[in-house]
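**Q** One structure, pasted below without further comment.
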């Protein structure tokens, strides 16, 4: 029996997923939470066995990636995102931050159980990345700057936002243009949006 904690701010989704998983007989959802904040508070004091954390991405107060970073400081329990969207860019960033999977909520429950079994034994699952080229991956910092670019920030604004020098930002944006095979900011923004970065 795989012991799981489920985090989702939508009560119906949370209850539905927990019920379906418990009905499989292979998964035991031992606790549910409506936010990453509550999960992090609980995990500090939890002393029992836990195999996996299933985490939603879009949540109030603290999104899934922020929650994952905090969890990394507290525990080594594998974290798998269960999101409405099979987003390649977010999947990539989640993987960089230490997540073991990014799955769409549209997944069939039997498939979900199979994937969770693989992850608990040391595997990982990022279906949205299966068709992307590894050599086109952005680094964590490039991804951060890419999001600023898409938001329309100037180099100086990006430097202030990311606590970098203006020269360093120019180097990163130049590298991004090369990776994306674009000639200017406008083309870069279009290319990044096509990759799902927002």
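None of the figures in this text is laboratory data; all of them are computed from the coordinates on show. Quick caveat, the model's predicted, so the values are computed rather than measured. Here Cβ is always computed from backbone atoms with ideal geometry, including for glycine, and neighbour counts include all displayed protein chains.
**Q** So what is the relative contact order of the chain, in percent, for Cα pairs below 8 Å that sit 6 or more residues apart?
**A** Relative contact order comes out at 16 percent.
**Q** I want to verify the translational diffusion coefficient of segment 67-109 in µm²/s; compute it with Stokes-Einstein, Rh as the Kirkwood radius over Cα pairs, at 37 °C and 0.692 mPa s.
**A** This corresponds to a translational diffusion coefficient of 303 µm²/s.
**Q** Note the per residue figure in Å³ for the convex hull of the C-alpha positions in segment 96-198.
**A** Looking at segment 96-198, the number lands at 119 Å³ per residue.
**Q** Looking at the chain as a GNM with Cα springs under 10 Å, which of 98, 25, 64 has the largest mean-square fluctuation?
**A** Taking springs between Cα atoms under 10 Å, the residue moving most is 25.
**Q** If you don't mind, there's one more thing I want to ask. Using Cα pairs closer than 8 Å and at least 6 residues apart in sequence, work out the relative contact order for segment 1-116, in percent.
**A** That works out to 24 percent.
**Q** Rounded, prolate or oblate: pick one for segment 2-129, where a ≥ b ≥ c are the square roots of the eigenvalues of its C-alpha gyration tensor, a/c under 1.5 means rounded, and failing that, prolate if a/b is larger than b/c, else oblate.
**A** Because its axes are fairly even, with a/c under 1.5, segment 2-129 counts as rounded.
**Q** Related question: With springs only between Cα atoms under 10 Å apart, run a GNM on the chain and tell me which of 148, 162, 97 wobbles the most.
**A** Per the Cα network of the chain with a 10 Å cutoff, 162 tops the list.
**Q** What is the distance in Å between the Cα centres of segment 149-198 and segment 23-63?
**A** With segment 149-198 and segment 23-63 each reduced to a Cα centre, they are spaced 35 Å.
**Q** Per-residue ellipticity at 222 nm for the chain, helices alone: DSSP H runs ≥ 4 residues times -39500 (n - 2.57), over residue total, nearest 500 deg cm²/dmol?
**A** -15000 deg cm²/dmol
**Q** Okay, moving on. For a quick check: sort 160, 56 by the number of other beta carbons within 10 angstrom, fewest at the front.
**A** Lowest count first: 160, 56.
**Q** While we're here: How would you rank 85, 57, going from fewest to most other Cβ atoms within 10 Å of each one's own Cβ?
**A** 85, 57
**Q** Now, a different point. Quick check: the angle from helix 36-45's long axis to the longest principal axis of the chain, C-alpha only, nearest 10 degrees?
**A** Once rounded, one gets 60 degrees.
**Q** Quick one: grab the alpha carbon gyration tensor of segment 1-44, order the square roots of its eigenvalues as a ≥ b ≥ c, and give me rounded if a/c is under 1.5, else prolate or oblate depending on whether a/b is larger than b/c.
**A** Verdict is oblate for segment 1-44.
**Q** Over the alpha carbons of segment 138-194, what is the largest minus smallest coordinate on each principal axis, giving the biggest first in Å?
**A** Its Cα atoms span 26, 19, 18 Å along the three principal axes.
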